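First comes the structure, then the notes that go with it.
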Amino acid sequence: MDKAELAGALGSPAAFGQSQFAFVRGNAFEARVKADGGTELLRLLVERLGGGTEPPAAAVVPDLTAAGPEGRTARTALALREATAAGEWALLDHPMLVLEVAGSPAYLEPDAVVVHPDGTWTVVEIKSFPMVDGSADASKVGAAARQSAVYVLALERIAAVTEGAEVGHRVLLVCPKDFSNLPTASVVDVRKQRAVTDRQLTRLTRVEDIAAALPEGTTFDPGCSPEELGTAVEAVPAAYAPECLAACELAFHCRAKSRADGAVESLGRSVRGELGGLTTVAGVLAAAAGKEGDPADPTVAALRRAAALRAEALAGVSGGVPCH
Ligand code: SF4
């Protein structure tokens, strides 16, 4: 389903995605990085990944156009195999990859994949956030690493059946240098993110199993009333966390639902982790106030101690009754 459309139909449209200005600027930067057959991109790649080789004067840029995602995926796999067999530099511009997620194909489109003459395949991500003095915002680099790790996993499926191919676990992140529009790059090792994603993928419940557990006739048709859609969405368990706001179109809907339920997840995953068996904000407040909970539980004991310290501090400041 189209989650953005569903969010709109539920009455919680997603304020999600880049502004038009940022989108155009990002596209212009990417075009600049890939201009002249990717000469600058390959120079940065050879310079950062090392290996003592000279940057190639040119690379093959295969035509990857085909009908539909399946066609583009097949075309990409063929281009990767051909370039590897030829032992030449190749730049695949916006290839299409496929990865099975929860039993269904998910199509992925990296910014570029470079095939080295030795058969190594390197994922290239081009981002429009700046790299100042050689380093960029850690959270944005982390997000790019997680994204690239998924591409690495998808490429590994093709490499497994391609003689002489190996997928590099070091990806090239290209960003504007010091707020200019000149490209610079750094190498990001995604082995950890790759392992984590791989583990998560194997543990995901299959889409068919989730669908089979839904009540008969459940539909996410955006033409239904918000009430009907709300009931349908509620039939699928969700685990809202503030991180969803940056990644999912349904975040505003799930946040409102989570807050209405008083779920501690809405305060963040780390807070959720600290609170152990306490799952609602009301339960946490009651435990802190000594009205509920086992005093032998370390979480309850810590909450009571914190509440007592807070009351003491407030009494010291105001000389009066602590406010909650
Ligand atoms: S819980 Fe998060 S990821 Fe799942 S549907 Fe809601 S907002 Fe999206």
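Here, each number is a calculation from the coordinates, and none is a lab measurement. Note that the coordinates shown come from a computational prediction; the quantities given were computed from them, not determined experimentally. Glycine also receives a Cβ, built like all others from the backbone with ideal geometry; neighbour counts cover every protein chain displayed.
With charges only on Cβ, +1 for K and R and -1 for D and E, what is the dipole size of the stretch 242-312 about its Cα centre, in debye, rounded to 20? The partial results should precede the final answer.
Values: 9 positive and 9 negative charges, 32 e Å.
The dipole of the stretch 242-312 has a size of about 160 debye.
Quick one: grab the alpha carbon gyration tensor of the stretch 2-138, order the square roots of its eigenvalues as a ≥ b ≥ c, and give me rounded if a/c is under 1.5, else prolate or oblate depending on whether a/b is larger than b/c.
Working: a/c = 2.30, a/b = 1.36, b/c = 1.69.
In terms of gyration-tensor shape, oblate.
What whole number of Å gives the distance from the Cα centroid of the stretch 80-106 to the Cα centroid of the stretch 171-198? Value for the Cα centre distance between the two parts: 19 Å.
Entry note, the chain: relative contact order of 15 percent, from Cα contacts under 8 Å with a spacing of 6+ residues. In a DSSP loop and with at most 11 other Cβ atoms within 10 Å, there are no trypsin sites (Lys or Arg not before Pro) in the stretch 149-184. Taking a ≥ b ≥ c as the square roots of the eigenvalues of the Cα gyration tensor, the stretch 75-212 is classed as oblate, since a/c reaches at least 1.5 and a/b does not exceed b/c. For the pair Ala301 and Glu163, the difference between a 0.36 nm per residue extended length and the Cα-Cα distance amounts to 43.7 nm.
Here the calculated FRET efficiency for Ile210 and Val271, from their Cβ-Cβ distance with R0 = 22 Å, stands at 0.20, rounded to the nearest 0.05.
Taken about its Cα centre, the chain carries a charge dipole of roughly 960 debye when the Cβ of each Lys and Arg holds +1 and the Cβ of each Asp and Glu holds -1. Dipole magnitude for the stretch 22-77: about 160 debye, using +1 per Lys or Arg Cβ and -1 per Asp or Glu Cβ, origin at the Cα centre.
Selection among Leu201, Ala212, Val187 by position relative to the dipole of the stretch 186-225 gives Val187 as farthest towards the positive end (Cβ unit charges, Cα centre).
With a/c under 1.5 counting as rounded, go ahead and sort the stretch 185-288 into rounded, prolate or oblate using the C-alpha gyration tensor (a ≥ b ≥ c being the square roots of the eigenvalues; past the cut-off, prolate if a/b is larger than b/c, else oblate). Oblate is the answer for the stretch 185-288, as a/c is 1.5 or above yet b/c matches or exceeds a/b. If R0 equals 45 Å, the separation of the Cβ atoms of Val132 and Ala282 corresponds to a calculated FRET efficiency of about 0.50. The label-point distance for Val61 and Arg146, in a model that sets each label 7 Å from Cα toward Cβ, rounds to 3.2 nm.
For Val236 and Ala15, FRET efficiency with R0 = 35 Å and r from the beta-carbon atoms, rounded to 0.05? The partial results should precede the final answer.
Numbers: r = 23 Å, r/R0 = 0.64.
It comes to 0.95.
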